Ligand code: IMP
Ligand code: MG
């Protein structure tokens, strides 16, 4: 039985969705539950056949044998949720905590209509900031008040803690990344909530003593979408020359690209209580590593990069992503 939290170590879009999916296939969790802000997050999951972008359904949905939950702390946009549930056919195994805050059309209008949010901060325009604001003011509806969600309503913390009592494995997936945490990120250029591992546990009603592992996902070349400081950002010409060009899953904005930030990685690992790290995009460090599934297949250049990252983070890098597909992963978690 283990309870693992998976969070983003930089500014989001580190490839958590893929790591969650890989870990799910390896560890057979009975429940995969989402924390984080809400539908401002886009998770991309790619199999050999298809690419999925999800915003409300946990990115672990691709693993068919787990129940899927949305924790109490998360904001739910019923329109987005119901669309995804229909498109992915997960209606019989997905559950929403009765206390989730609800995003109304009006919150989206306020998000898009506010120059402060949409222009200065560069929000995703999905209504999350205004909805969290109303939630704090105690003006929000909760999921249990929405008739369209009635089939999915449950007590997520009770489900998760009972599964842990019964010796089952549980995955708690975060969203966004450390650098856009309301508490620890580059305020005011942040999202409307903390994004660290403790918050993800709290979002799901799982106490800190029940967490066994915190996997923080870092990206070899970090990215940032929206406004705000980005210490290691490189000019577009340089990143394009490196062959790196990325677009946001939710807003399709071109992501800003930077080089590895060791100082940020260390600070993020500290606050997240990182026990193991994952690094994605190793194929950008050395394209010869694309698709590798064994550590021995990595070049010296890639191994040196991982060693440097490990020194910065202070814990072992146990998961290495070498391409977008779930199977393009090196998993060292169970090696001695
Ligand atoms: P909001 O969360 O939509 O209010 O956006 C606030 C800031 O967080 C903006 O800079 C967004 O681009 C950024 N942001 C929000 N969610 C994500 C995410 O899932 N990935 C990356 N950036 C995000
Ligand atoms: Mg994303």
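A few notes on this one:
- Filter pass, residue 163 being outside any loop (DSSP other than H, G, I, E, B) and in contact (Cβ under 8 Å) with a residue 12 or more places away in the chain: yes
- Those residues of segment 131-145 which are part of a helix (DSSP H, G or I) and either touching a strand residue (DSSP E or B) at 6+ places or on another chain (Cβ under 6 Å) or under 17 Å from residue 193 (Cα atoms) (or both), in sequence order: 131, 132, 133, 134, 135, 136, 143, 144
- When restricted to residues that are away from ligand 2 (no atom under 16 Å from the Cβ) and farther than 17 Å from residue 156 by Cβ, segment 26-71 contains 10.
- When segment 222-235 is filtered for residues that are assigned to a loop (DSSP other than H, G, I, E, B) and closer than 19 Å to residue 185 by Cβ, the ones remaining, listed by number, are 222, 225, 226, 227, 228, 229, 230, 231, 232.
- Of the criteria (1) at negative phi; (2) more than 10 Å from ligand 1 (Cβ to nearest atom), which one residue 138 fails: (1)
- Extreme residue, surrounded by the most Cβ atoms within 10 Å (Cβ to Cβ), among residues of segment 236-250 that are in a loop (DSSP other than H, G, I, E, B) and either within 11 Å of ligand 2 (Cβ to nearest atom) or modelled with pLDDT of 95 or more (or both): 249
- Restricting attention to segment 189-205, the residues that are in a loop (DSSP other than H, G, I, E, B) and more than 16 Å from residue 10 (Cα to Cα) add up to 3.
- The residues of segment 221-234 that are over 11 Å from residue 255 (Cβ atoms) and at pLDDT 95 or above, listed by number, are 228, 229, 231, 232, 234.
- Residue selected from segment 111-130 under the condition assigned to a helix (DSSP H, G or I) and out of contact with any helix residue (DSSP H, G or I) (no Cβ under 6 Å at 6 or more places or on another chain), by the criterion nearest to ligand 2 (Cβ to nearest atom): 128
- Members of segment 282-317 found to be assigned to a loop (DSSP other than H, G, I, E, B) and surrounded by fewer than 18 Cβ atoms within 10 Å (Cβ to Cβ), listed by number: 290, 291, 293, 294, 299, 314, 315, 316
- Residue count for segment 240-264, restricted to those that are in contact with a strand residue (DSSP E or B) (Cβ under 7 Å, 6 or more places away or on another chain) and over 29 Å from residue 116 (Cα atoms): 1.
- Residues of segment 256-281 that turn out to be in contact (Cβ under 8 Å) with a residue 60 or more places away in the chain, part of a loop (DSSP other than H, G, I, E, B) and either over 18 Å from the mean Cα position of the chain (by Cα) or surrounded by 20 or more Cβ atoms within 10 Å (Cβ to Cβ) (or both), as a count: 3
The values are calculated or read from the model by the stated rules, or taken from the named source; none is laboratory data. Keep in mind that what you see is a predicted model, and the values were worked out from it rather than measured. Note: ideal-geometry Cβ built from the backbone for every residue, glycine included; neighbour counts use all protein chains shown.
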